[in-house]
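Everything on this sheet refers to the single structure shown next.
Every number here is computed from the coordinates shown, using simple stated rules; none is lab data. The structure presented is a predicted model; accordingly, all values stated were derived computationally and were not measured. Positions of Cβ are generated from backbone atoms using ideal geometry, with glycine treated the same way; all protein chains shown enter the neighbour counts.
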C-alpha cells in the first residue's frame, strides 16, 4: 500500500477503536472490517511454532490418517482423574495432586473462585485475568515492578510488601507476562519458605519452558516442590509451550485435598477428546524427547531474536527469559499508532500494551516466532 | 466364545466390579482388562450417529482437506460472547441470553454453583450431576416418578410437591433421562406459569431434538420463552443431537443479567477451536437443513426400534420420546448380569441402571443407534 492509502486505513482503525470503548479492537475485528490489511506475522501470539508442527505431525499420523479422529470427536473423553494420569507420567508428580483444566484459564478461575478470598497480591504489570476473575469480596493489592529497575523482582522488597499489607494470597507469574522477567529457583525457594503463612501462593509457570538457568537450557520448574508447600498451587498452560491454544489444555498442581474438593462437585468431563489425545502424547517419553529438541531450538532462536531487537535504535528492550520481549518506545511515540502502522505497512501484529496497568510509558510486546519470521520482524524495525 | 469361556469372562468382570466399589466398572476398564471382549455396538452412548457423519463430512471438507485444521488447533478461539452469536442465529434467541459452555455439564455446574442455593427439587430417576454438583449447603429434595404410572409426569402432583416442600429451585429434564418420558409444551407452559415464585427453573432440553408433537416431527423447544420467565434457564447439550461428545459443546439460555454475571469473572475462553467451528456450522442455515434430515431419519429409526423392543417377551419397555428406552427386566434377573452377558456374548453394551436412584427393580437403558445396529440389538434380545 502507498502512504496515502496507509493513512486512510489508519484512520479507519482509529475509528474502530473509538467504537470499541477503552480497549483496542481485536486483530480479528480489524482484519474483518478492513480487508486491505494482510496479516503476515502474528507476533502478539505467544507460542512455540516448532512445537505446533511436532504436535500436528503426530495428530496427522495417529488420528487423521487412521480415521481415529472420529472416535476422539464422537465419544465422551475420559474423566479428569484419568487424564491427570498421563500428566503425572510427564512431570513425575502424583496424579492426586493434578487438576486438569480446559486451558490454564479454567484452573486460574477455579482456584480464584474456590480457595482465594481476603487480600490477593498481584504483581504488575501482569496477565489481567488474575485480578479480573476474582470473586466479589476479594481485595486485590498490586505490587508494582519498577521500570527504573528494568522490572527486576526484588525478593526482600516483595516479602516486606506482603507482610506490611497483610495479604492472604499471592500470585507470581514466572517468567512474568508481559515483561518476561525470570525469578530463579533459589529465590523462589526463599520466597516459598517465607510465605508459609499465606493461604495461597499461586505460581504460574505457563512460560517456564522457555526459561533456563544453565547452558544446556534444561527445563526449570518448581512442580516437584508441591508436597513441601501445602499452600502452593502451580498453574500450567499448554498453549504456549506446545502451540495448541485452540485445544484448550492446561493443568494445576496443588495439594491433594484441593483437587478432591474441586472434583467433588464439578469438572468431571472438562477435557475434550483432542486435549486427552494431547495429554496422552505428553505422557509419552518418546514424544517428550522430540519436544525437548523443538523447545531448545526455539529458545536459541528466541535468544538471538531478543539480542537483535536490543540493537534497534530508539527501542528499549527489557530483559526476558520468556518467548517474547517488552519494548519501550521513544517518548512521544504512541504504542497504538506504532503497532497499527506495523500491521498496516508490514503485516506484523504486535501487542499494544497501553491497556496494561503498571506500565508507565509506551510499550509493545513482541513474540518470538520462527527464525525466518523473527528476521522479518527485526528487518521491519529498521537496521541496527 | 463358547459357554464355558463366557462364564470365565463373566467371573472376571464380577471380580473387576468387586474392585471398583459400589459402581459398575466402566466399559473402557472392562475392554482394557479383558481383551477377549469385543465391543461391537455401544448402546449406552446416547447420540445420533447420522449427525456425527454429517459433522465429520463438513469437518473433512472445511478443515482437514484445506489444512485449516492447524489454525483451529493452534490459535486462541473467540471469546464466549462471540461464539454465542453463532448460536443466536441458529435458535433465534438474543446473544445476550446465551452462555456457551465446555459441554452442557459446564453450564449445569456454573448454574448450580452461582445461582442455586436453599432447596433444589430434582425429579428421579435422573442424570446424577444435578444432585452431585450442587454446592455444599444446597439441600436436594427428590420428587419421584412412579414406575406404576410408567414414570409419567403429573403436573398437578408435582406443583403440590413444590409448594408443600417450599423448594427454591427445580430441575426438569425433558425428555427425561433415563426413562425418556416427555412433557408436552402445553404442560410446560402451565408449569412455568405456576413456578414464577422460584429462584430457578432449570429446564434441561439436551434430548429435546429427539422429541416431537406432530407427524412432521417438527422440533420442539421452549428456548423462545426465555424472556417471559426470568427464572428460567434452559440447558442444551450438543453431544446427543449432533453426536460430538468429544468436542465438548453446549450452552445455556438464561436472563441477560445471569449471563453477564457469569462472564464478569470467568468463562471467557472456555470454548475450543473445534467447538467454535461446530457452532459456526450450527449458525449456518444450509447445515441446519441437512441436520433436520438427519434428525428426522434418526427419530423414525428410533420409533421403529422402540416398537421392536416392546415386542420382546419378558421385557417391559417404558414410553420414551428420547433416543433411548428404559427396559425393566423380569423379576429375579440382575441388570448387571444381563448387561454383562449381552456384552460378552453379543458385543452389545447397554447401560445397567442399578446405580440410578429412584428405580425400584432391575433396569437397563438401551440407546438407539443406526437402523442396522438397532436390528442387531433387537435380534440379540430374541424373537418377538
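If neighbour count is taken as other Cβ atoms inside 10 Å, put A:8, B:368 in order from fewest to most.
With the sparsest Cβ surroundings first, the list reads A:8, B:368.
When each copy gets a label point 7 Å from Cα toward the beta-carbon at residue B:11, what are the spacings between them in nm, shortest first?
Nearest first, the other copies' label points are 8.8 nm away.
Counting only DSSP beta bridges with both residues in the protein assembly as shown, what percent are antiparallel, rounded to the nearest 5?
If I count the DSSP bridges inside the protein assembly as shown, around 45 percent turn out antiparallel.
Starting with the highest mean, order B:152-159, B:294-301, B:41-48 by the number of other Cβ atoms within 10 Å, averaged over the residues of each peptide.
B:41-48, B:294-301, B:152-159
Between residue B:128 and residue A:189, what FRET efficiency follows from the Cβ-Cβ distance if R0 is 35 Å, with the result rounded to 0.05?
Step by step, r from the Cβ atoms, then E = 0.20.
For peptide A:128-137, how many partner chain Cβ atoms fall within 10 Å of a residue's Cβ, on average?
2
For the residue pair residue B:31 and residue B:160, what label-to-label distance in nm results when each label sits 7 Å from Cα along the Cα-to-beta-carbon direction?
Here the modelled spin labels are 4.8 nm apart.
Would you mind ranking B:186, A:132, B:215, B:328 by Cβ crowding within 10 Å, fewest neighbours first?
Working: B:186 10, A:132 13, B:215 6, B:328 20.
With the fewest neighbours first, B:186, A:132, B:215, B:328 line up as B:215, B:186, A:132, B:328.
Suppose a student asked you for the relative contact order of chain B, using Cα pairs under 8 Å spaced at least 6 residues apart; what percent would you report? Can you show the working numbers first?
Details: 676 pairs, mean separation 94.3, N = 384.
This gives 25 percent for chain B.
With both bridge residues required to lie in chain A, what share of the DSSP beta bridges run antiparallel, to the nearest 5%?
Numbers: 17 of 37 bridges.
Bridges in chain A are about 45 percent antiparallel.
Can you list the distances in nanometres, one decimal and ascending, from the residue B:319 label point to the identical position in each other copy, with the point 7 Å along Cα to Cβ?
Label-point separations across copies, in nm and ascending: 7.6.
Can you pull the percent of Cα pairs in segment B:29-113 with separation above 21 Å?
Result for the distance tail: 60 percent.
Can you give the relative contact order of segment A:283-332 as a percent, counting alpha carbon pairs under 8 Å and 6+ residues apart?
24 percent
With a point put 7 Å past each Cα toward its Cβ, work out how far residue A:89 is from residue B:64 in nm, to one decimal.
Reported label-point gap for residue A:89 and residue B:64 is 2.6 nm.
With a cut-off of 18 Å, note down the residues of segment A:343-374 whose backbone N falls inside the zone around a label point 7 Å from the Cα of residue A:300 toward its beta carbon.
Residues passing the 18 Å test: A:368-374.
Which value, in Å³ per residue, describes the convex hull spanned by the Cα atoms of the protein assembly as shown?
Convex hull volume per residue, Cα atoms: 169 Å³.
Across peptide B:58-65, how many C-beta atoms of other chains are within 10 Å of each residue C-beta, on average?
Numbers: counts 0, 3, 2, 0, 0, 0, 3, 0.
The per-residue average across the peptide is 1.
Tell me whether chain B comes out rounded, prolate or oblate; compute the Cα gyration tensor, take square roots of the eigenvalues as a ≥ b ≥ c, and use a/c under 1.5 as the rounded threshold.
Verdict is oblate for chain B.
For residue B:297, place a label point 7 Å out from Cα along the Cα→Cβ vector, do the same in each other copy, and report the separations in nm, one decimal, smallest first.
4.4
Taking 56 Å as R0, compute the FRET efficiency from the Cβ-Cβ separation of residue A:311 and residue B:257 and round it to 0.05.
Computed FRET efficiency for residue A:311 and residue B:257 comes out at 0.60.
Using a Gaussian network model of chain B whose springs link C-alpha atoms within less than 10 Å, name the residue from B:284, B:179, B:276 with the highest mean-square fluctuation.
B:284
For the residues A:144, A:236, what sequence is obtained by ranking on other C-beta atoms within 10 Å, fewest first? Could the numbers behind the result be given before it?
Working: A:144 14, A:236 26.
Least to most surrounded, the residues fall as A:144, A:236.
To the nearest whole number, what is the average tally of beta carbon atoms from other chains within 10 Å of the beta carbons of peptide B:273-281?
Taking the mean over all residues of the peptide, I get 2.
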